[in-house]
Amino acid sequence: MVVQPHERLFSVEEYYRMAEVGIIGRDERVELIDGRIVAKDQIRSPHAWCVNRCVGIFAGRGDGLLSVQNPIRLGDNGEPQPDLVVMRPETPMDRHPRPEDILLVVEVADSSLAYDRRT
């Protein structure tokens, strides 16, 4: 009999609880993607400059609100932190934006392009 390993996926609530009790450190750069806790690379200068240029392009255009490198809620098992989100101004302040609140998502990909395209 061949036993297949079973991957344990996490919900957003479990992810938050891990941070509350210190399993995920306060300064750890991670995000929840499809139930998996994924480590994020450090932000290097070229990446930061590109994000800043995007903010400059979108700032002051239209009625959308800009959110920079903050979480968005994608169901029960996903809370990625894209580089830039343009969201509806009426998005409630008591939760992270959800798909129905989001007008545009921008992810700046330098070293992570292949991963970002397939995930």
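The values are calculated or read from the model by the stated rules, or taken from the named source; none is laboratory data. Predicted model only: the values in this text are computed from it and were never measured. All Cβ positions, even for glycine, are placed from backbone atoms using ideal geometry, and neighbour counts span all protein chains on display.
With respect to the stated conditions, Ile43 fails to be surrounded by fewer than 16 Cβ atoms within 10 Å (Cβ to Cβ), over 24 Å from Thr119 (Cα atoms) and out of contact with any helix residue (DSSP H, G or I) (no Cβ under 7 Å at 6 or more places or on another chain).
Of the listed requirements (1) more than 26 Å from Ser112 (Cα to Cα); (2) modelled with pLDDT under 95; (3) among the polar types (S, T, N, Q), Thr91 misses just one: (2). With the requirement that a residue be of a type outside the set (A, V, I, L, M) and either crowded, with 19+ Cβ neighbours inside 10 Å or under 17 Å from Trp49 (Cα atoms) (or both), what does the range 92-106 give you? Within the range 92-106, Pro97, Asp101 qualify. Kindly indicate whether any position in the range 85-96 is within 23 Å of Phe10 (Cα to Cα), not in a loop (DSSP other than H, G, I, E, B) and not aliphatic (A, V, I, L, M). Within the range 85-96, not a single residue is within 23 Å of Phe10 (Cα to Cα), not in a loop (DSSP other than H, G, I, E, B) and not aliphatic (A, V, I, L, M).
Residues in the range 59-69 that are touching a strand residue (DSSP E or B) at 6+ places or on another chain (Cβ under 7 Å) and assigned to a loop (DSSP other than H, G, I, E, B): Ala59, Gly64.
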